[in-house]
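Visitor: Provided herewith is a single structure, encoded as structure tokens, for subsequent inquiry.
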Amino acid sequence: METQTLGTGHPTAKRPGNPTLEDLAVAAGVSRSTASRAINGGYKVSPQARAAVDRAVAALGYIPNQAARSLVTRRTSSIALVIPEPDVRVMMDPFFAIVITGISEALRETDMQLVLLMSRNDDDSSRALRYLRGGHVDGAIVVSHHKADSWAKSLAGTGLPIVFIGRPWDTSIDVTYVDTDNYEGGRLAAHHLASTGRKRLGTIAGPADMTVATDRLAGWTEGLREAGLQQGPVAHADFSTAGAQEAALRLLDDAPHLDAIFAASDLMALGVMNALIAKGYSVPDGVALVGYDNHAIAADTAVPLTTITQPIAAMAAKAAELLLQKLDDPAIQHPPFIYPAELTIRASTPPVP
């Protein structure tokens, strides 16, 4: 049987199956407690001993017992992504796929695992909160939260490190969040449509119980005022194509002479475009259209979509980065990290005269 000499020279034979912590200690030439400390953060372990343990881990293919390791470090090596939305919404909206991809990419070089928690009713929310309070994860990222959701206060009370994607409603508590300048995005949409000569502007806004929607609507309203235009009709819908299409049909029935519409997301803009086609309008000659997000779908619509860019993947990766920093240093405090709004012009709006 092949033997190896590791650490301070203790020979050890490779055993069948998974090597134990005792095997690791013998191979590294250190005590069991030193080996344990070395693989659980290196607390009070000399550089020489840590290097010997690292060599032994590589040589033996040692895999730490995660349950035992958690008892030592009080860490689970998991973080939760909390999405207070129904399953079907999460599965249908590419926004969430991009968020998951961005977080996963940020965690790629770590040992952290991502746990997905979805809940949109009281029972699910209570169950999710019990899970988060139960020590199953080291921290949480919350996205797509609504005014009635108690995530910010409830999670802050547990001491669990959390980061929000999107401004939470209650910023009086110490909450770290990443966002885009949604107010400026709405303002840019209004300015751009006004600059093309459009005078009768309406909007399909997002849910009134979400800060992302209210901020975009507020910026839109201010942009109209700055352009010297009257506040046009507003219809609210969820951030879905079907919901926006229904809202747009109602809006066009009430205001058939609109010549421009701002939709609060690209998925919603698709619904608006469907409604316009169904009503016999052309885009952009009849009605100009602006979306928000700059999803990949924005360039592939029947008429490529002018939109406000939201760097979703970068936002998600930044949220994960900030959470990892909070896990390393619980006392650290981050100011809000806000990405600028940017306008991407395509064929759904006419050229500026």
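The values are calculated or read from the model by the stated rules, or taken from the named source; none is laboratory data. In this text the structure is predicted, and so the values were computed from the model without any measurement. We place every Cβ from the backbone using ideal geometry, glycine too, and count neighbours over all the protein chains shown.
Visitor: Return the residue satisfying two criteria in turn: it lies in region 179-195 and is touching a Leu at 6+ places or on another chain (Cβ under 7 Å), aliphatic (A, V, I, L, M) and touching a residue at least 40 places away in the same chain (Cβ under 8 Å), and of such residues it is surrounded by the fewest Cβ atoms within 10 Å (Cβ to Cβ). So that I can check it myself, show each step before the final result.
Guide: Quick first cut of region 179-195, residues touching a Leu at 6+ places or on another chain (Cβ under 7 Å) only: 186, 188, 190, 192-194.
Narrowing the set further to residues that are aliphatic (A, V, I, L, M) leaves 188, 190, 193-194.
Now restrict to residues that are touching a residue at least 40 places away in the same chain (Cβ under 8 Å): 188, 190, 193.
Details: Leu188: 22, Ala190: 26, Leu193: 29.
Here the residue is Leu188.
Visitor: Which of (1) buried (at least 23 other Cβ atoms within 10 Å of the Cβ); (2) outside any loop (DSSP other than H, G, I, E, B) does Ala218 not meet, given it meets every other one?
Guide: The one condition Ala218 does not meet is (1).
Visitor: Out of all the residues in region 176-196, is one or more in a helix (DSSP H, G or I), modelled with pLDDT under 95 and farther than 17 Å from Gly291 by Cβ?
Guide: From region 176-196, those in a helix (DSSP H, G or I) are 182-195; that's our starting set.
Cutting the leftovers down to modelled with pLDDT under 95 gives us none.
No: region 176-196 contains no residue that is in a helix (DSSP H, G or I), modelled with pLDDT under 95 and farther than 17 Å from Gly291 by Cβ.
Visitor: What residue, among those in region 113-164 that are of a type in the set (A, V, I, L, M) and in a helix (DSSP H, G or I), is modelled with the highest pLDDT?
Guide: First, pick out the residues of region 113-164 that are of a type in the set (A, V, I, L, M): 114-118, 128-129, 132, 137, 140-143, 148, 152, 155-156, 160, 162-163.
Checking the rest, the ones that are also in a helix (DSSP H, G or I) come to 128-129, 132, 152, 155-156.
Details: Ala128: 80, Leu129: 79, Leu132: 84, Ala152: 68, Leu155: 76, Ala156: 71.
My answer is Leu132.
Visitor: Testing Gly202 on (1) assigned to a strand (DSSP E or B); (2) within 23 Å of the chain's Cα centre (by Cα), one condition comes back false. Which one is that?
Guide: Answer for Gly202: the failing condition is (2).
Visitor: In region 79-91, which residues are surrounded by fewer than 17 Cβ atoms within 10 Å (Cβ to Cβ) and outside any loop (DSSP other than H, G, I, E, B)?
Guide: Looking only at region 79-91, we keep the residues that are surrounded by fewer than 17 Cβ atoms within 10 Å (Cβ to Cβ), and these are 86-88, 91.
Once the filter is applied, which keeps residues that are surrounded by fewer than 17 Cβ atoms within 10 Å (Cβ to Cβ) and outside any loop (DSSP other than H, G, I, E, B), region 79-91 yields Asp87, Val88, Met91.
Visitor: Could you grab the pairs with beta carbons closer than 9 Å, sequence gap of 6+ or different chains, first residue in region 205-234 and in the same structural domain as Arg250 (by TED's automatic domain parsing) and of a type in the set (Lys, Arg), second one assigned to a helix (DSSP H, G or I) and surrounded by fewer than 23 Cβ atoms within 10 Å (Cβ to Cβ)?
Guide: Arg216/Tyr183
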